[in-house]
Structure formats: structure tokens, C-alpha cells
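Written below as C-alpha cells is the structure these notes are about.
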Amino acid sequence: ATPEGGADVDPAQLFAGKKVVMFSLPGAFTPTCSQKHLPGYVKELAQLKAKGVDIVACLSVNDAWVMKAWAEQHDALGKIVMLADGQALFTKALGIEIEIPGLGVRSKRALFTFENGTVKSVDVEAPGKFEVSGVEACMTKL
């Protein structure tokens, strides 16, 4: 999601040569995602940058317009790279898809770190948990 709406992005190109933190979550505007997950990363963005992080990205199976509206609501637009994965293609490629009754295919809550395009760590939450993918857990990895 961009200030203009959406643009196709190749994560491999976007992440090349950079230190990236990417957190994934089940959906924009959902309770834990909106109360804890995204706001935590927005709040600690300066600290993450101080630890050498070039990009903080949020991956969700939502369309670009939903991700843009959600980013605007949480002061994340232009700060956190909002990766709208409407068809769950990237989510499935990462192997973190989950079928949630009433919502369909979504992303598991997880934390990925990349350096120069290489995955350095992957932490996937147990169902219903919020322990290894939040900003506090992320800070201990850097």
C-alpha cells in the first residue's frame, strides 16, 4: 500500500541489500493486529532504525486499499511498508497460510528478519498467541 493506493512489488527486489524486519498478521482492522501488532512497530520504528533496520514491513492478506486505510489510521503510512497480499501468493510461498473460519485464507502471525535478501530468522506464533512476532520479541533478535 502506498499513499497513492497500491503498486506491484517484488519482495526480493525490495529487500535486496537491506536489513528488513517483516511481521505478518491475519488481517487489517482485526483486534490484536490493530491494538498491539502494528502500533508496536510504529511506536518503536526509530529504535528499530537505530539497530540498523532499513525496512519494517507488514504482510497481510488484504487488498492495497484496506492496507492503506489501516496504515493511515495507525500513523504507519510512509513509515511501515504495507505489503498487501490480496491473493495470499506471498503468504503461501512463505508457507504461513492458515484457513480462518469466516475470513478464508489468511496469514499466520509471524516475524521474519532478512539481511541482503536472505532469511535470517523466522518465528511463527502458535494459534491464538502473540509472543514471538511483536516488536518486543523483534528487538531481542536484532
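The values are calculated or read from the model by the stated rules, or taken from the named source; none is laboratory data. The model shown is predicted, which means the values in this text are computed figures rather than measured ones. We place every Cβ from the backbone using ideal geometry, glycine too, and count neighbours over all the protein chains shown. We work out accessible area using only protein heavy atoms, side chains counted, and drop any ligands, DNA or RNA first. Shrake-Rupley method; radii C 1.70, N 1.55, O 1.52, S 1.80 Å.
Before moving on, here are some points about what is shown:
- Taken about its Cα centre, segment 4-54 carries a charge dipole of roughly 360 debye when the Cβ of each Lys and Arg holds +1 and the Cβ of each Asp and Glu holds -1.
- Which of Leu59, Thr91, Gly40, positive extreme of dipole for the chain (C-beta unit charges): Gly40
- DSSP beta bridge pairing in the chain, given as percent antiparallel to the nearest 5: 65 percent
- Approximating the spin labels as points 7 Å out from Cα along Cα→Cβ, the Ala137-to-Gln47 distance works out to 1.6 nm.
- Taking a ≥ b ≥ c as the square roots of the eigenvalues of the Cα gyration tensor, segment 38-120 is oblate, since a/c reaches 1.5 or more and a/b is not larger than b/c.
- Given +1 at the Cβ of Lys and Arg, -1 at the Cβ of Asp and Glu and no other charges, the dipole of the chain around its Cα centre is 380 debye to the nearest 20.
- Members of Lys18/Lys51; Lys18/Lys79; Lys51/Lys108; Lys36/Lys79; Lys79/Lys108; Lys49/Lys79 lying beyond 20 Å, as alpha-carbon distances in this model show: Lys51/Lys108; Lys79/Lys108
- Calculated [θ] (222 nm, deg cm²/dmol) that DSSP helices of n ≥ 4 give over the chain, each run adding -39,500 (n - 2.57): -7000 deg cm²/dmol
- Carbon plus sulfur fraction of accessible area for the chain, probe 1.4 Å, in percent: 51 percent
- Averaging over all projection directions, the Cα-based convex hull of the chain occupies 7.5 nm² in the image plane.
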